[in-house]
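A short write-up of the structure that comes next.
The values are calculated or read from the model by the stated rules, or taken from the named source; none is laboratory data. Keep in mind that what you see is a predicted model, and the values were worked out from it rather than measured. Cβ sites come from the backbone with ideal geometry, for glycine too, and all protein chains shown count toward neighbours. When the accessible area is computed, the model is the full protein with side chains, heavy atoms only, and any ligands, DNA or RNA have been set aside. Shrake-Rupley method; radii C 1.70, N 1.55, O 1.52, S 1.80 Å.
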Amino acid sequence: MRKLISDFLNEHPNINVIGTARNGKEAILKIKEMQPDVVTLDVEMPEMNGLEALQVIMKEIPTRVVMLSSTTQEGAENTFLAISYGAVDFIAKPSGPLSLDLDKFKDEIIQKVLMASKANMKGLLNKTNQDSSLLPKKDFPKFNRTTANIHQNKLICIGTSTGGPRALQQVLTNFPKTVNAPILIVQHMPAGFTKSLANRLDSLCHIHVKEAENGEIVQNGTAYIAPGGYHMKVRKGGNHFYIYLDQTEPIGGHRPSVDLMFLSVSELKNVLKIAVLMTGMGSDGTKGLKALKSSGSTIAIAESEESSVVFGMPKSAIATNLVDEIVHLEKIAPTIMKYMDV
């Protein structure tokens with residue numbers, strides 16, 4: 001596998017593989033000596049595994065790391081642990097005979113290594129409250145609901161990609177359980193991972209976090225993460241808002257698509273919409289944001305360049321001049337709550 005992955009990467013004119021390692025201990029020594037721009041790191045290795053090595057790397061020689069393992073899909077928890085420790089992104093090696101998925105795997109690993117090379121180390125090293133699971137859950141004081149508001153309903157919509165799991169953890173753990181709106185989330189992620197992400201976040205948050213299900217009624221104080229491989233839309237029926245999932249064609253290469261979620265929300269009437277675009281490569285969400293703003297009653301928030309692991313999606317949104325607030329990751333939840341009683 002080391003030879004195969006090296007060959008893949010060396011084929012690209014902008015990538016030069018300068019070394020390989022058999023285990024985590026050897027990897028740490030070589031990283032210290034060679035100081036690469038990007039490291040691909042397997043979860044399962046002898047002597048010292050990838051998670052152990054990653055913690056040492058981020059503490060002693062902070063480096064952009066892409067996790068890569070044949071076991072990642074089966075143990076998605078390891079993936080999110082790795083991301084919480086500071087990995088930029090992850091790749092699940094194809095299961096079964098590698099030749100079945102060879103081309104797809106090759107393209108993905110090249111793309112993610114190139115993307116990782118541009119990742120913002122400040123954003124990666126920005127400490128999230130990743131140890132909040134070890135702390136007793138506090139009851140937040142209930143916020144004031146007495147302010148008159150012509151919008152009977154409120155909806156929070158969040159779009160994110162690379163660096164998103166850590167960013168979502170930072171934002172969602174800072175919502176009070178009394179938040180008076182449902183939260184819809186599109187996180188670019190393959191099928192099989194979003195449920196584990198939702199379960200992990202649910203264990204850390206005051207609000208309820210779950211993978212979205214087709215046809216369910218959205219509830220205040222609950223965050224719904226679009227399942228990997230499915231688009232998520234919201235429609236009104238009677239006095240309720242319902243989630244609809246489908247597997248229509250990817251939009252801009254993405255399924256789920258932030259644009260599609262935003263577009264569906266833009267069609268809802270008499271709703272205060274708070275749209276948030278956070279770290280991620282590309283421009284998914286920008287087209288949908290324009291539709292949201294055209295529909296009125298929309299507050300747009302973008303993550304700042306300083307805290308974004310990859311500033312692509314927020315930067316594209318900011319370029320429209322439709323964003324109301326550009327804030328550091330740790331200020332996103334308080335900024336959203338500021339508008340909940342507007």
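Take the alpha carbon gyration tensor of the range 1-86, find the square roots of its eigenvalues, order them as a ≥ b ≥ c, and report rounded if a/c is under 1.5; if not, report prolate when a/b exceeds b/c, else oblate. Walk me through the numbers on the way to the answer.
Details: a/c = 1.61, a/b = 1.23, b/c = 1.31.
It comes out oblate by the Cα gyration axes.
Note on the chain: with a GNM built from Cα contacts shorter than 10 Å, the maximum mean-square fluctuation among Lys269, Lys154, Lys195 falls on Lys269.
With charges set only on the Cβ (+1 for Lys and Arg, -1 for Asp and Glu), what does the dipole of the chain come to about its Cα centre, in debye to the nearest 20?
Charge dipole, the chain, about its Cα centre: 920 debye, nearest 20.
Over all distinct Cα-Cα pairs of the range 279-342, the Kirkwood formula returns a hydrodynamic radius of 12.0 Å. How many nm separate the modelled label positions at Arg235 and Glu330, each set 7 Å beyond the Cα in the direction of the Cβ? My value for the distance between the label points is 4.4 nm. Ile225 contributes an accessible area of around 0 Å² to the protein surface, as traced by a 1.4 Å probe with all chains present. For the range 229-342, a/c is not less than 1.5, where a ≥ b ≥ c are the root eigenvalues of the C-alpha gyration tensor, and a/b does not top b/c. That puts it in the oblate class.
Globularity index of the chain is 1.00 (Cα radius of gyration / 2.2 N^0.38 Å, N = number of residues).
Probe radius 1.4 Å, ligands and nucleic acids ignored: give me the carbon and sulfur share of the accessible area of the chain as a rounded percent. Mind dumping the intermediate values first?
On the way: 7630 of 15580 Å².
Its accessible area is 49 percent carbon and sulfur atoms.
Taking a label point 7 Å from the Cα of Ser84 along the Cα→Cβ vector, which residues of the range 170-191 have an amide N closer than 15 Å to it? So the set is 170-174. Measuring nothing but how far apart in sequence close Cα pairs (under 8 Å, 6+ apart) lie, relative to its length, the chain scores a relative contact order of 14 percent. For the chain, the longest principal axis of the Cα atoms and the long axis of helix 286-295 meet at an angle of about 0 degrees. Computed from Cα positions, the angle between helix 24-34 and the longest principal axis of the chain comes to roughly 80 degrees. Build a GNM of the chain with springs between Cα atoms under 10 Å apart, and of Ile326, Ile185, Ile18 the one that fluctuates most is Ile18. Rolling a 1.4 Å probe over the protein heavy atoms gives the range 216-342 an accessible area of 41 Å² per residue. Note on Ile217 and Tyr242: the extension gain reaches 8.5 nm, defined as 0.36 nm multiplied by sequence separation minus the Cα-Cα distance.
Ranking Met337, Asn14, His188 by Cα position along the charge dipole of the chain, where only Lys, Arg, Asp and Glu carry charges on their C-beta atoms, puts Met337 farthest toward the positive end. When the chain is treated as a Gaussian network with alpha carbon springs shorter than 10 Å, the biggest mean-square fluctuation among Pro256, Pro176, Pro46 belongs to Pro46. Per residue, the convex hull spanned by the Cα atoms of the range 160-289 amounts to 97 cubic angstrom. Projected label points at Glu77 and Asn199, each 7 Å from Cα along the beta carbon direction, are separated by 0.8 nanometres.
Run the helix sum for the chain: -39,500 (n - 2.57) per DSSP H stretch of 4+ residues, divided by residue count, reported at 222 nm to the nearest 500 deg cm²/dmol. Walk me through the intermediate numbers first.
Details: 12 runs with 116 residues, N = 342.
Rounded to the nearest 500, it is -10000 deg cm²/dmol.
When both the range 284-342 and the range 213-232 are represented by their alpha-carbon centers, they are found 21 Å apart.
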